[in-house]
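What follows is a short report on a single structure.
The values are calculated or read from the model by the stated rules, or taken from the named source; none is laboratory data. Note that this is a predicted model, so its numbers are computed, not measured. Glycine also receives a Cβ, built like all others from the backbone with ideal geometry; neighbour counts cover every protein chain displayed. Note: areas computed on protein heavy atoms with side chains; ligands, DNA, RNA excluded. Shrake-Rupley method; radii C 1.70, N 1.55, O 1.52, S 1.80 Å.
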Amino acid sequence: MPTNKQRRNAAQRRLQKQLERRAELARKRRRNLLVVVTVVAVAVVAGAVALFAGLGGDDDPSSAAATGSSSTSAAPEATAAPAVTNADGTVTCTYAPDTSGNPNLTDVGTPPDPASTPASGTVALLMSTDQGDIPLTLDRAKAPCAAASFAHLASQQFFDGSPCHREVNQPTFGVLQCGDPTGTGSGGPSYKFAEEVTPETTYPRGTIAMANSGQPGSTGSQFFLCFVDTDLPPDYTAVGSVDEAGLAVLDTIAAAGNDGSFEPSPGGGAPNLPVTVQTMTVVG
């Protein structure tokens with residue numbers, strides 16, 4: 001028979017083991033909680049990135065996967081400087097070469113005479129699609145460099161035969177995104193330029209605005225047409241407007257919705273009523 005001392009010692013050992021098990025369970029709970037908090041934090045950050053990069057384009061899609069990695073051998077990206085106003089009222093635009101290595105870029109040169117870009121008047125374009133004609137008016141006073149680039153790309157048949165790859169149908173965010181000849185959402189020209197925005201830039205129904213990758217100086221060829229008053233931060237160059245006839249075509253496309261293939265980020269999807277830019281022509 002065990003003595004009282006032996007029984008006390010055995011009880012103490014059992015109690016010690018119970019305390020050790022409780023402490024280990026507490027440590028595991030703290031570790032699991034930390035993992036959950038970290039995952040939630042990462043998801044929140046990713047959501048914020050998706051929100052601001054939602055109208056992105058013109059960048060190598062592989063660059064997103066490389067975020068967080070470091071490399072000392074990569075060549076520095078050229079910087080697209082903001083436009084500078086000249087004494088004669090024109091502006092000097094900087095069209096920097098895109099050195100990202102994106103294989104989906106198309107080289108059609110750069111807009112002519114960038115040192116004396118007109119900053120007044122308008123440019124009329126006719127965007128002919130398989131769903132109908134969408135007349136566009138570019139405003140040189142509001143966005144001279146974007147207007148010059150848009151007209152240059154149209155004159156080089158850059159947009160011809162390209163699909164409008166993305167549509168978003170929300171009450172305060174309704175857009176049709178076009179301008180990528182590859183239809184991948186990552187295509188563009190071999191140059192990029194600075195955004196032309198102010199804190200007062202807005203995107204009401206009928207606005208033509210330039211997409212970008214979310215980084216300063218990353219505007220290229222992709223653009224979006226707003227078919228509702230669209231609530232976005234003033235980060236995208238508003239380059240012109242769509243007339244009423246064009247809006248009627250957009251309304252028909254919007255009514256069919258999208259396939260949700262870009263959900264949850266960047267949002268929307270390919271139009272359910274497919275849209276191809278057959279030709280983009282400068283008409284005046």
(message) Could you check the stretch 160-172 and list, in sequence order, the residues that are assigned to a loop (DSSP other than H, G, I, E, B), open to solvent by 30 Å² or more (accessible area, probe 1.4 Å) and touching a residue at least 60 places away in the same chain (Cβ under 8 Å)?
(response) Asp160, Gly161
(request) Count, please, the residues in the stretch 234-246 that happen to be open to solvent by less than 10 Å² (accessible area, probe 1.4 Å) and assigned to a loop (DSSP other than H, G, I, E, B). (result) 2
(request) Give the residue that is least open to solvent (accessible area, probe 1.4 Å), with candidates limited to residues of the stretch 91-100 that are assigned to a loop (DSSP other than H, G, I, E, B) and either free of Cβ contacts under 8 Å to residues at least 40 places away in the same chain or charged (D, E, K, R) (or both). (result) Asp98
(message) As an exercise: evaluate Asp231 against (1) within 23 Å of Gln278 (Cα to Cα); (2) surrounded by fewer than 21 Cβ atoms within 10 Å (Cβ to Cβ) and give the number of the one condition it does not meet.
(response) (1)
(request) Look through the stretch 122-141, keep the residues that are charged (D, E, K, R) and assigned to a strand (DSSP E or B), and return whichever of them is nearest to the chain's Cα centre (by Cα). (result) Asp139
(request) Could you tell me whether Phe262 is at pLDDT below 95 and more than 24 Å from Pro82 (Cα to Cα)? (result) yes
(request) Look through the stretch 184-211, keep the residues that are of a type outside the set (Val, Ile, Thr) and at pLDDT below 95, and return whichever of them is nearest to Gln131 (Cα to Cα). (result) Gly185
(request) Please name all residue pairs, on different chains or six or more residues apart, with Cβ atoms under 6 Å, provided the first residue is in the stretch 101-115 and is modelled with pLDDT under 95 and the second residue is not in a loop (DSSP other than H, G, I, E, B). (result) none
(message) Looking only at the stretch 113-130, how many residues end up being open to solvent by less than 30 Å² (accessible area, probe 1.4 Å) and not aliphatic (A, V, I, L, M)?
(response) 3
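The rows are residues; the columns are (1) open to solvent by 40 Å² or more (accessible area, probe 1.4 Å); (2) of a type in the set (A, V, I, L, M, F, W, C); (3) farther than 23 Å from Thr276 by Cβ.
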| site | (1), (2), (3) |
| --- | --- |
| Gly132 | no, no, no |
| Leu136 | no, yes, no |
| Phe158 | no, yes, no |
| Gly217 | no, no, yes |
(message) Go through the stretch 138-156 and report how many residues are open to solvent by 50 Å² or more (accessible area, probe 1.4 Å) and either of a type in the set (A, V, I, L, M, F, W, C) or more than 25 Å from Thr85 (Cβ to Cβ) (or both).
(response) 2
(request) Please enumerate the residues belonging to the stretch 173-224 that are in a loop (DSSP other than H, G, I, E, B), over 14 Å from the mean Cα position of the chain (by Cα) and closer than 22 Å to Val84 by Cβ. (result) Ala194, Glu196, Val197, Thr198, Pro199, Glu200, Thr201
